[in-house]
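Below is one structure; the comments refer to it alone.
We did not get these values from a lab; they are worked out from the coordinates using the rules stated. The structure presented is a predicted model; accordingly, all values stated were derived computationally and were not measured. Cβ placement follows ideal geometry from the backbone for every residue including glycine, while neighbour counts extend to all protein chains displayed.
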Ligand SMILES: [Zn+2]
Ligand SMILES: [Zn+2]
């Protein structure tokens with residue numbers, strides 16, 4: 001409910017910001033955008049995600065109906081499509097991280113190809129965030145999935161709520177304010193959030209290690225993604241140097257790590273590696289603590305946990321893997 005509230009309040013703040021001027025306008029619009037994307041991502045990648053795993057309430061039918069409502073409110077793919085692509089394909093160890101994995105396919109279509117140099121992959125990432133082709137294809141995929149969805153009363157009700165909210169906002173302000181304050185974050189910023197999250201998430205196209213059981217690929221091809229850097233230490237340098245180190249640390253956290261945590265890795269996405277090891281865990285609401293517990297009491301047959309601090313380190317690791325892959329490995333090999 002907190003995610004839903006964040007989303008709706010974010011939409012309203014983003015649109016209402018157009019009543020303001022100057023710095024107040026900029027700050028309010030930015031707050032609305034961050035809240036909208038944060039709420040929408042938690043609605044889908046945390047709540048709907050657990051629903052498609054039937055781990056939200058324990059009642060599979062209720063969970064799917066709940067996820068369908070969230071999918072309509074955010075205009076993302078239907079829960080039925082999400083379950084098929086994520087639960088039935090992404091989590092299968094023989095499909096996971098191969099070109100047959102829907103998440104890997106989305107990246108492949110965006111130009112992230114095995115064997116490309118890391119420099120080229122970084123450029124591709126930068127260009128993809130502003131690519132009309134990428135955003136158009138992504139949006140078409142979302143809308144097509146929604147149009148194909150079953151006409152249940154939950155879906156129709158959710159669509160009416162969304163329509164009433166948007167109509168109300170347009171009548172109070174303007175179409176221009178709704179497009180920039182609400183539609184832009186739901187489409188472009190949301191899709192960039194997914195792109196940056198996916199591209200740092202798994203060792204796409206990388207061959208399995210071949211060690212141990214096949215399901216261990218979920219551990220070798222996943223890692224913790226945490227936001228932050230260790231605090232500066234005074235190693236005999238001057239007080240001025242120490243002060244500057246702290247200023248840099250604070251600025252880095254405010255301008256980089258905090259926005260990443262809010263917009264790209266909200267909810268339990270930092271612990272996605274734990275989810276791959278224990279997809280049915282009821283501890284997803286406290287995933288950070290549950291992962292720590294699992295690190296301490298790790299089943300020794302499984303590969304040990306790895307983690308990256310700072311999103312760019314995780315992306316670099318993914319790009320190293322893609323660059324050294326010979327081709328987009330298929331699960332059908
Ligand atoms: Zn999952
Ligand atoms: Zn995954």
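With contacts taken as Cα pairs under 8 Å at a separation of at least 6 residues, the chain carries a relative contact order of 25 percent.
Starting from the Cα gyration tensor of the range 208-270, take the square roots of the eigenvalues, sort them a ≥ b ≥ c, and report rounded, prolate or oblate (rounded when a/c is under 1.5, otherwise prolate if a/b is larger than b/c, else oblate). Oblate, because a/c is 1.5 or more while a/b does not exceed b/c.
Peptide packing for 215-225, 255-265 was compared via the average number of neighbouring C-beta atoms within 10 Å per residue; ordered from the highest value, the list is 215-225, 255-265. Per-peptide packing, taken as the mean over residues of other Cβ atoms within 10 Å, places 135-145, 237-247 in the sequence 135-145, 237-247 from highest down. Counting Cα-Cα pairs of the range 238-308 in 10 Å increments starting at 0 gives whole-percent bin shares of 17, 35, 24, 18, 6, 0.
Which shape class, rounded, prolate or oblate, goes with the range 146-304 when its Cα gyration tensor gives a ≥ b ≥ c as root eigenvalues, a/c under 1.5 marks rounded, and past that a/b bigger than b/c marks prolate?
Details: a/c = 2.63, a/b = 1.25, b/c = 2.10.
Taking the square roots of the gyration eigenvalues as a ≥ b ≥ c, the range 146-304 is oblate.
Test of understanding: in a Gaussian network model of the chain with alpha carbons linked when under 10 Å, which of 235, 77, 50 would top the mean-square fluctuation ranking? Looking only at 235, 77, 50, the biggest GNM fluctuation is shown by 235.
Please grab the % of Cα pairs in the chain that end up more than 29 Å from each other.
Working: 23213 of 55278 pairs.
Everything past 29 Å amounts to 42 percent.
Of the peptides 164-171, 15-22, 90-97, how do they stack up when ordered by the mean number of other Cβ atoms within 10 Å, highest first?
Values: 164-171: 14.0, 15-22: 15.6, 90-97: 18.6.
By packing density, highest mean first, the sequence is 90-97, 15-22, 164-171.
Each part reduced to its alpha carbon centroid, the range 253-285 and the range 73-135 end up 18 Å apart. The fewest-to-most ranking of 163, 73 by surrounding Cβ atoms within 10 Å reads 163, 73.
Restricting to DSSP H runs of at least four residues, report the calculated mean residue ellipticity at 222 nm for the chain, -39500 (n - 2.57) per run over all residues, nearest 500 deg cm²/dmol. Before the final figure, lay out each step's value.
Details: 16 runs with 176 residues, N = 333.
Mean residue ellipticity, 222 nm, calculated: -16000 deg cm²/dmol.
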